[in-house]
Amino acid sequence: QVQLVESGGGLVQAGGSLRLSCTASRSIFSANFMGWYRQVLGKQRELVASITVGGSTRYEDSVKDRFTISKNNARNTIYLEMNSLKPEDTAVYYCIYKLIGGSDYWGQGTQVTVSS
């Protein structure tokens with residue numbers, strides 16, 4: 001089992017910034033990758049960004065050059081720095097921990113709302 005604790009969501013005006021954090025109860029080195037998904041009511045959850053143990057990153061096209069994912073191995077924590085936020089970034093953001101050879105674990109979700 002892996003517990004994930006997220007923080008950092010909130011309300012921000014368009015053009016503003018937010019930083020999300022996700023801390024895992026298990027070592028990052030036990031994960032294939034960790035990352036962030038987001039979901040708007042009535043739509044499928046989509047991958048926003050991911051980072052592997054080795055530090056390789058991947059981004060959804062609409063957030064490239066605006067969002068940055070990073071990690072702190074010692075704290076078993078990943079971050080999502082979100083800049084130049086747009087109203088279309090409004091969603092519930094979920095942290096994911098993909099266990100090597102095992103299941104996916106999800107955080108409880110944190111709401112990000114960008115006002116125009």
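Key figures for this structure:
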| quantity | calculated |
| --- | --- |
| Paramagnetic reach from ILE100 (point 7 Å along Cα→Cβ, amide N under 17 Å) across the stretch 37-53 | 51-53 |
| Exposure rank, largest accessible area first [ASP104, ASP61; 1.4 Å] | ASP61, ASP104 |
| Computed lengthening from GLN13 to LYS43, 0.36 nm per intervening residue step minus Cα-Cα distance | 8.5 nm |
| Neighbour-limited loop hits for trypsin sites (Lys or Arg not before Pro), the stretch 31-116 (at most 11 other Cβ within 10 Å; DSSP other than H, G, I, E, B) | LYS43, LYS64 |
| Accessible surface of the stretch 10-81 [probe 1.4 Å, protein heavy atoms]: carbon and sulfur percent | 45 |
| Rounded to whole Hz, the Karplus (6.51, -1.76, 1.60) HN-Hα couplings of the stretch 79-95, x for glycine and proline | 10, 10, 8, 10, 10, 6, 5, 10, x, 6, 7, 4, 4, 8, 9, 10, 8 |
| Reach of LYS64 by Cα under 16 Å, taken over lysines that are not fewer than 8 positions away in the same chain | LYS86 |
| Heavy atoms of THR110 accessible to a 1.4 Å probe, total area in Å² rounded to 10 | 20 |
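The values are calculated or read from the model by the stated rules, or taken from the named source; none is laboratory data. Values in this document were obtained by computation on a predicted structure and should not be read as measured data. In this analysis, Cβ positions are derived from the backbone assuming ideal geometry, glycine residues included, and neighbour counts consider all displayed protein chains. Keep in mind that these areas ignore ligands, DNA and RNA; they rest on the heavy atoms of the full protein, side chains included. Shrake-Rupley method; radii C 1.70, N 1.55, O 1.52, S 1.80 Å.
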